[in-house]
Structures are given as structure tokens and as C-alpha cells.
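Here is the structure we will look at, set down as C-alpha cells.
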Amino acid sequence: MSKDILSAKADFPLLNKRVNDHPLVYLDNAATTQKPQVVIDALVDYYTNLNANIHRGNHSLAVQATEAYEAARRKVTAYINAEHNHEVIFTRGTTESVNLLAYTFGEKFVQPGDEIIVSQLEHHSNYVPWNLMCRRRGANFRTLPFNERGEIDLELFKSMLNEKTRLVAVNQVSNSLGTVNPVGEIIRLAHAFDVPVLVDAAQSVQHLAHDVRALDADFYVFSSHKMYGPMGIGVLYGKEKWLEALPPFMSGGEMIDIVTPEKVTFNVLPFKFEAGTPNVAEAIGLGAAIDYLGQFDPLELQKHEEDLLAYGLKLLADIPDMIIYGAPSQRSSILPFNIRGIQHYDMGVLLDTMGIAVRTGQHCTQPIMDALHVSGTVRASIALYNNRTDMDKLAYGVQRAVKMLKR
Ligand code: PMP
């Protein structure tokens, strides 16, 4: 029997908090999700009972901590259906995963005149590292635009692929518009040119199917803190053949094999990419978050969030002067909006006085804001513990704020 989704809210202590004298309505989940008690307990338990540095010691605590860290890696492997544990590299998060790849892939595979394709729907962390790498390597940074619905045009993508393309970087879900990108199709088209694809799954791994082998993704990156786990830990998944071919990123302890003044050789995967002492407790916390998620039926979870999104969007759409951004055929978890004549920032501040937490501004996606010709949007974003009452309170709060601001 899978766990009832509507019971989830009780598992998250912070959701019981009052903010500005109102019960908290937390709708900033795309920025970070709250943590269930089991994740908080895993962190406390690690530091209370297990703390030791891993992989180096042979005393009991070091062995147990190493085992717990590697068990967390196995949970990630299973969660994303990777073929091998050593294809799962722990990083600090999506940003570090992309930077690792942009540096190492650029150094090994990108020459002057080569091309990288990045969608215009990307978060800065899957945009800027590629842009800077292209400058370093003298390569061409090509952006794949989106249309008025907020969708990528696959025909245009096809026309951009050529024998100079070295890599395609695209998110599965846009953090600003919620567009679900056709990454399976993008990967199929890119592979026809032998071009690898990096999927930024920061906004999808916690909401949609997360099977790297079914997708045939070459690289797949995400952050623990957006999927109910701790901050400071994330994942770079890469197919073995790619990770083997790439040089190391950071160097230091653990990532080496032989070190002499004349010669340094590297450790095997995944350790080649995990220099220094990693975030052990946080990795274990991510494992606890994966266990927590595993209690739910994934299809029920997706349906719950889809229903909630449709319900919330409908409530917002009925408010006069409402602008909802994008109209993609598939949208996940994001409600991006503005009220004509009202600054997104003012709306955010007023909603906060009612205990409603949303995000306002550019959401680290200036290219999207430029294309929409706005300085920013209000973004409500949902997680598994949200319910219809939260959406009702959001819509009511927006209407109250409009009355106050337009008075
Ligand atoms: N990509 C997407 C789509 C995101 O939404 C985010 C976080 N907002 C990131 C990348 C960056 O994630 P992090 O800050 O955890 O590295």
C-alpha cells in the first residue's frame, strides 16, 4: 500500500509554522522544498552516531560512515535507474554538476569553431557555464529559442544540429515557465549526430518520471534540496563511457591513484570526480529523501501535482488583469504570473504579509524574461505536500493584494 499523498503535509515540521501571524502557505518549492522529519532525523543521526571521514579510515566509525555514504549513492542509482553506481557523482548541486561538465567536457572535446546548443529556457546555471566555456574554447554558443507558448521548436532544433555540434544542454522542466521539454525527442535527434545531451533535471526529478536509461540521457543533473533532501548535495549522472573519457575537475585527496613529482594518475569512477571530503551527512540525507519519496505511488504523486497545478492555474486565470506566462502543452508545478499594472515585487511582499511564500523576479532566467519583455514575474510553485486549500489561499491572497495596491 502506498502512502496517502494528502497525509504528507504532517511529515514536514516547518509547514506547521506561522509566518506573519498566518499559517504558512509555502509555494516557493522550485527554489527549495521543505524537509520531512525523516530527512532531518537522518542528518542529526549522522552527527550523533556516525560522524567520521570516509574512504580513508579503517576504524569502525569510518567504515560505517563510508558504508552509509555509498548506500546513499546506491539509492540514487536505483532512483534514476542508472546502470552503474559509479555513474553517480555526488556534487554540491545542479550548479556544480554543470560547471564540472562544462570545464571537463570543454577541455577534452571542444575546439575553436565547434558549437554548443543551449535552450533559451535554461536557468543561468545551465546557460552561463556553457557560455563561458565557449568563450574559453573559441566555440560558438548557440541558443535554441522558445515560441509564444513557451515551447522549444523541434524543427528549429533539427536545423541547428550539424557536424560541429559537440553537446546539447536543456532542462526537462523550465523553472520559470514550467514547460515540460521533449527531452526524449531532443536526445534522439542529437544522437543521430552522435551528440551527447545534458538534461538539467533540477525541476523534473521530483515531479516526473526519472529514468536515465529510458531517456537515454548522456548526462543528468539535479539538486537534493529541491527534492525534499538537504542543501549542499546534488548529482551528476553520466554514462560510464563519457565519465571515463573526461578529465578530473577538482584535484586533491581521494581523486588520485599515484602521486609523484613527475606523474599523477587518477582514481577510478566515481572517486575521480569527488576530490576532498564530501558532504557525507547530506548524501545520507538525500538517501533518506529518496526513501521518503519511495513510499508514494509515483503516478499518483504526478497526478496529484498535475491536478493541483490545473486547479491553481484556473483560479488565477479567473482573476481580472491576470497574465499567466506561457501555455505549453505540458506544464509541471510552476504558476508564473503578473497582474497588469502591479509590480511582481509588490505582489510578493503583500502575499508574504498573508503568510504566502512565493518567489518574484527573474528566477535566474534573464533570457526568458527578455523574451517575455518583462522585468520579472510572480512564481508560485508546488510540491507534493501542497493541496487545494493552498491554491485557494493563493488566489484569495492575490485578489486581496490587487485590491490593496489598486486602491
Ligand atoms: N536548473 C534549474 C532548472 C533550477 O531550477 C535551478 C535552481 N533554481 C538550478 C538549475 C540550480 O540549482 P542549484 O542552485 O541547486 O545548484
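The values are calculated or read from the model by the stated rules, or taken from the named source; none is laboratory data. Because the structure is a prediction, the values reported are computed rather than measured. All Cβ positions, even for glycine, are placed from backbone atoms using ideal geometry, and neighbour counts span all protein chains on display. What goes into the accessible areas is simple: the full protein's heavy atoms, side chains included, and nothing from ligands, DNA or RNA. Shrake-Rupley method; radii C 1.70, N 1.55, O 1.52, S 1.80 Å.
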* Restraint check, 303/403; 303/406; 3/303; 35/303; 158/272; 17/314, Cα-Cα greater than 26 Å -> 303/403; 303/406; 158/272; 17/314
* To do: Calculate what fraction, in whole %, of the accessible area of segment 41-293 sits on carbon and sulfur atoms when a 1.4 Å probe is rolled over the protein chains.
  => 51
* Asked: Where in segment 223-325 are there trypsin sites (Lys or Arg not before Pro) that are in a DSSP coil and have at most 15 other Cβ atoms within 10 angstrom of their Cβ?
  -> 263
* segment 149-250: GluC sites (Glu not before Pro) in DSSP coil with no more than 16 other Cβ atoms inside 10 Å -> 163
* Rank-order 379-388, 65-74 by packing density, defined as the average count of other C-beta atoms within 10 Å over each peptide's residues, highest first. => 379-388, 65-74
* Environment charge at residue 125 (Cβ cut-off 10 Å; Lys +1, Arg +1, Asp -1, Glu -1) -> -3
* **Those chymotrypsin sites (Phe, Trp or Tyr not before Pro) in segment 1-68 that DSSP places in a loop and that have at most 16 other beta carbons within 10 Å** => none
* Solvent-accessible area per residue, Å², over segment 41-293 with all protein chains present [probe radius 1.4 Å] -> 39
* Using only Cα atoms, locate the centre of segment 263-288 and the centre of segment 181-224, then give the distance between them in Å, rounded to an integer. => 23
* Would you please put 213-225, 109-121 in order of how densely packed they are, using the mean number of other Cβ atoms within 10 angstrom per residue and starting with the highest? => 213-225, 109-121
* To do: Once you've got the GNM for the chain with C-alpha springs shorter than 10 Å, pick whichever of 258, 290, 187 has the biggest mean-square fluctuation.
  => 258
* Angle between the chain longest axis and helix 388-406 axis [Cα atoms, degrees, rounded to 10] -> 60
* **Gaussian network model of the chain, Cα within-10 Å springs - most flexible of 389, 48, 143** => 48
* Once you've got the GNM for the chain with C-alpha springs shorter than 10 Å, pick whichever of 304, 344, 22 has the biggest mean-square fluctuation. => 22
* Structure fact -> In whole Hz, the Karplus estimates of ³J(HN,Hα) for segment 52-65 (6.51, -1.76, 1.60; θ = phi - 60°; x where Gly or Pro) are 6, 7, 9, 6, 10, x, 10, 7, 4, 5, 4, 5, 5, 5
* Acute angle (nearest 10 degrees) that the helix 344-353 long axis makes with the longest principal axis of the chain, alpha-carbon atoms -> 80
* Asked: Given the rule -39500 (n - 2.57) for each run of at least 4 DSSP H residues, summed and divided by the residues of the chain, what is its mean residue ellipticity at 222 nm, to the nearest 500 deg cm²/dmol?
  -> -11500 deg cm²/dmol
* By how many degrees, between 0 and 90 and to the nearest 10, does the Cα long axis of helix 280-293 differ from the longest principal axis of the chain? -> 50
* Asked: For labels at residue 31 and residue 45 in the simple 7 Å Cα→Cβ model, what's the distance in nm?
  -> 3.1
